[in-house]
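So the structure is just underneath, and the comments pick up after that.
Quick note: the coordinates plus some simple rules give every number you see, no bench work behind them. All figures in this text were calculated on a predicted structure; none of them were measured in a lab. When we count neighbours, we look across all protein chains shown, and the Cβ atoms used for this are built from the backbone with ideal geometry, even at glycine.
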């Protein structure tokens, strides 16, 4: 599946990508040979869908947050094959093949993952194999959106540098769902509830501690931003995080476990859990303006978001000696020339592949020979030569 040596002068890159029945793409195969990949084409040609496929190389539902069945190409619904994404990833440790697919059979819907031909049941393993970060137009509302969107964003920032975090989050959510199911039963088993709450407390403290630790390091980088984007202070606020400021982890576990026990009746009526890291939120302050991100202008919020993603990519480069794959959907076109060049320079220093998407080749010309253009014409795609932005 592609060549065995890294095709780009970078520490992380996709050299081959193949999709089947994925969104508007019936079948698509690309061979990549550059540090910057530019997807060009009209609206509706499938540029964002292609980026979404790459985002599914990580834990979670990808950059659209879609249900797996929603991704299946419409005229392929009911087929045994479902949809499929295959990628050859080159990293410092060597090449690896990642395959994720979805199929509905026997009334059951299931997503499967394999790495180098071995089935993977823990999706958190994807965080070990590939680090992928993205910016999309929908994320422009991140600071004014519901807290859940910011929590998902926060967790992606964390597991980018701490891959085990994805498994911690999954373990906490699984225990919380099981507890809710037990509470809804006619005769809740107290011993089983005790066990589930102990698991929740242990995983909750691990999740909160990882968030605090990573976001503190990220904030230090964001506060000293030198790439033309605003400096920012970043934090995580929530009960469990605040308890960790004043007490050791074991004491916080005990406190949370006791709170969960006391709130059983309330949680039985409302569903979920009244307290835990699933209630936490991301806090961002624009340093120059001295105001929280949600109170900033739309343009300032966009600049802050780009600044955070760039800072996170630098943190990843520092911690794991490799930058993450960056997916930038319609980001460059809305920046002025100075900020476009700032993005190109910042991501160029990460020694990892960046994927851009846009309709107009003009903003991408500064990439020159470092870029490979992929012209998308629904539903087909062709990979053109490096740096040919005028074709």
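Brief remarks on what is shown
- Relative to the globular-protein estimate of 2.2 N^0.38 Å, the Cα radius of gyration of the range 275-326 stands at 1.40.
- Nearest 10 degrees, 0 to 90: helix 147-161 Cα axis against the chain principal axis: 70
- Simple spin-label estimate for residue 321 and residue 224 in nanometres, 7 Å along Cα-Cβ: 2.2
- In terms of other Cβ atoms within 10 Å, 31, 155, 189 run from fewest to most in the order 189, 31, 155.
- Normalised by residue count, the range 249-390 yields a Cα convex hull volume of 211 Å³ per residue.
- Our summary gives the range 144-314 a relative contact order of 28 percent, counting only alpha carbon pairs under 8 angstrom and 6 or more residues apart.
- Calculated log₁₀ intensity ratio I(q)/I(0) where the Debye formula runs over C-alpha points of the range 220-276, q = 0.24, 0.26, 0.28 Å⁻¹: -0.93, -1.00, -1.07
- The chain: mean projected area of Cα convex hull, nm²: 20.4
- For the range 167-238, the orientation-averaged shadow of the C-alpha convex hull comes to 6.1 nm² (one quarter of the hull surface).
- Separation of the range 165-204 and the range 278-343, taken as the distance between their Cα centroids, equals 35 angstrom.
- Helix 164-184 vs. the chain, principal-axis angle (Cα, 0 to 90°, nearest 10): 50
- Extension gain for the segment residue 26 to residue 75, taken as residue separation times 0.36 nm less the Cα-Cα distance, is 16.7 nm to one decimal.
- Using the Cβ-Cβ distance between residue 43 and residue 180 with R0 set to 45 Å, the FRET efficiency works out to roughly 0.65.
- Between the Cα long axis of helix 249-262 and the first principal axis of the chain there is an angle of about 70°, rounded to the nearest 10.
- As a ratio to 2.2 N^0.38 Å, the alpha-carbon radius of gyration computed for the range 179-317 takes the value 1.31.
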